Amino acid sequence: MKRSRYWQQFTGKNDRNIGINAKVSGRVVHLAGLIHELSASELARLIAEKKLSSREATRAYLDRIAQIDPTLRAFNETYETEALDAADAIDRKVSRGNALGPLAGVPMALKDNLCSIQGRTTCSSRMLQNFRSPYDATVVSRLASAGAVILGKTNLDEFAMGSSTENSAFGPTRNPWKTTCVPGGSSGGSAAAVAARLCAAALGSDTGGSIRQPAALCGIVGLKPTYGLVSRYGLVAFASSLDQIGPMTQDVRDAALLLNVIAGPDPKDSTSWPAAAADYLKDLESRPPHVRIGLPKEFFGDGLSNEVAGAIAAAVEYFKQHGAEIIPVSLPHTRYGIAAYYVIAPAEASSNLARYDGVHYGHRTNNARDLFELYSASRAEGFGPEVQRRIMLGTYALSSGYYDAYYLRAQKVRQLIKEDFDRAFESCDVILSPTTPDVAFDLGAKSGDPLAMYLCDVFTVTCNIAGIPGMSIPCGFSASGLPIGMQFLGPVFSESLMLRLARLYEAGHEWNKRIPRPILETASAA
Ligand code: GLN
């Protein structure tokens, strides 16, 4: 437990003054000020070893949420009573010596587009403001079987459409590193909650970058698995051929731990890959074999900030020193990625969102004189402007006469993008790139300009288009103190290799040990 150094470094406080006693490795230490600095893996271990109870951990997080979340607004809803009950149930299992799941007692958060019987599943939309799911998403039941304690549901851009969490019908989430900035999106609530240590880990969803981009802007680890590796059953559909659920964590080990829990076949999702998933923790700490890292020239052109470029260059240098071979590669169709994505994703969304008609479920207007008005007014009242824009774009792209010119053409570009990656992976094992062109931007800076907002996804969308895995890990800070993320992209099912490489980098840097200070100051002033 060499945590007090970090605690003092980043808070200026001495944890020994604040705290409860807990036995760690045979000695008594004061843990209260430290619980939120523990990773999910460390928490799970301490709970299983009876050095800390799940109740203590859960209480500590709930207290932090109460103190800090009014500023951040990372959570749409929290489940205090249920979380403490779940924690007590785990503590009883521990004291009885029952078998424990790998996340037993660990307080976590869920993006609010993952269906759970507990609480509401709103997608941060007025349309689903009061929706209670009658079933749990597969990932939610898997977390429960692994013993995780769910603290609450996190904010997102409405229906996961956006890159800043400003499209939430319930108001934006703020970036814990600088509260005038966005946390990224659409999984901005999950990213902010993990970064500010309001939960030990969280799940997000990624259709065009929504795990990796907010992970980068909040300084955490985010992994978008290979399409089909994680069941989408119970993930409210945005663009079904692109959506994947993945872990958002403080460090690489936690990402591997969570992926172990959520990955694997599911008969309830016909697109889930039938083979058993790998053990992502196995070999995580061992040095990866001779690795060829590809640098795609198209990801390092105009529009990339100097600070981000510098951080990536330093990371490349680090990998070189650790024996990696650096290979220049080309992904020539990257420039059509945004255009293809913003045809395909809205097209699928327009179809997926047709179910919200004011009749089956969701918001229903009080102002309809006939059936047509019931549909149109319910949808006009229930959906926010960005969702309406996507539905109109998608409906247009799919309409007869335009289908060939837009949707079919975008699907052809999709194939070309996939072939770019196939070719690149003949000469390299993994691709390294920035996750985002720049660090977090100010709230409001792009909300009036949809095209500027769409360009935030320039480095992330091609991964979903090709169905390959992608991962963002922290790789430094800007002069203004905002986190920078770097992205790994690999061939399908190369998560193990990506995680090992990410761990190799993290072991030499530990950016993830920094905790956002402004939030702590806000909290201690409160
Ligand atoms: N920012 C992208 C969009 O607005 C990606 C969203 C996502 O991955 N859910 O569509």
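Descriptive notes on the structure:
- Annotation: of all residues in the range 204-236 being farther than 21 Å from Ser270 by Cβ and assigned to a strand (DSSP E or B), the one that is nearest to the ligand (Cβ to nearest atom) is Gly204.
- A Cβ distance below 7 Å, combined with a sequence gap of six or more or placement on separate chains, defines the contacts here; from the range 453-465, residues that are on the phi < 0 side of the Ramachandran plot reach residues that are within 7 Å of the ligand (Cβ to nearest atom) and charged (D, E, K, R) in the pairs Asn464/Asp206.
- Subset of the range 311-335 (residues that are closer than 12 Å to Met486 by Cβ and either of a type in the set (A, V, I, L, M, F, W, C) or without any contact (Cβ under 8 Å) to a residue 40 or more places away in the chain (or both)): Ala311, Ile312, Ala313, Ala314, Ala315, Val316, Phe319
- Where helices (runs of 4 or more DSSP H) sit wholly within the range 1-82, those with at least 3 residues that are at pLDDT 95 or above and not small (Gly, Ala, Ser) occupy 40-48, 54-72.
- Within the range 187-197, one or more residues are over 22 Å from Gly444 (Cβ atoms) and either surrounded by fewer than 24 Cβ atoms within 10 Å (Cβ to Cβ) or without any contact (Cβ under 8 Å) to a residue 12 or more places away in the chain (or both).
- Here the range 133-171 is the region considered, the condition is being surrounded by fewer than 24 Cβ atoms within 10 Å (Cβ to Cβ) and within 16 Å of the ligand (Cβ to nearest atom), and the residue that is farthest from Asp442 (Cα to Cα) is Ala169.
- In the range 440-497, the residues that are closer than 21 Å to Asp243 by Cβ and assigned to a loop (DSSP other than H, G, I, E, B): Val458, Phe459, Thr460, Gly467, Ile468, Pro469, Gly490, Pro491, Val492, Phe493, Ser494
- Ala86 vs. criteria outside any helix (DSSP H, G or I), touching a strand residue (DSSP E or B) at 6+ places or on another chain (Cβ under 7 Å) and at pLDDT 55 or above: no
- Residue in the range 176-188 that is assigned to a helix (DSSP H, G or I) and either closer than 20 Å to Thr435 by Cα or modelled with pLDDT of 95 or more (or both) present: yes
The values are calculated or read from the model by the stated rules, or taken from the named source; none is laboratory data. Every value quoted in this text rests on a predicted model; they were computed, and no experiment measured them. Neighbour counts are summed over all protein chains in view; Cβ atoms, including those assigned to glycine, are modelled from backbone coordinates with ideal geometry.
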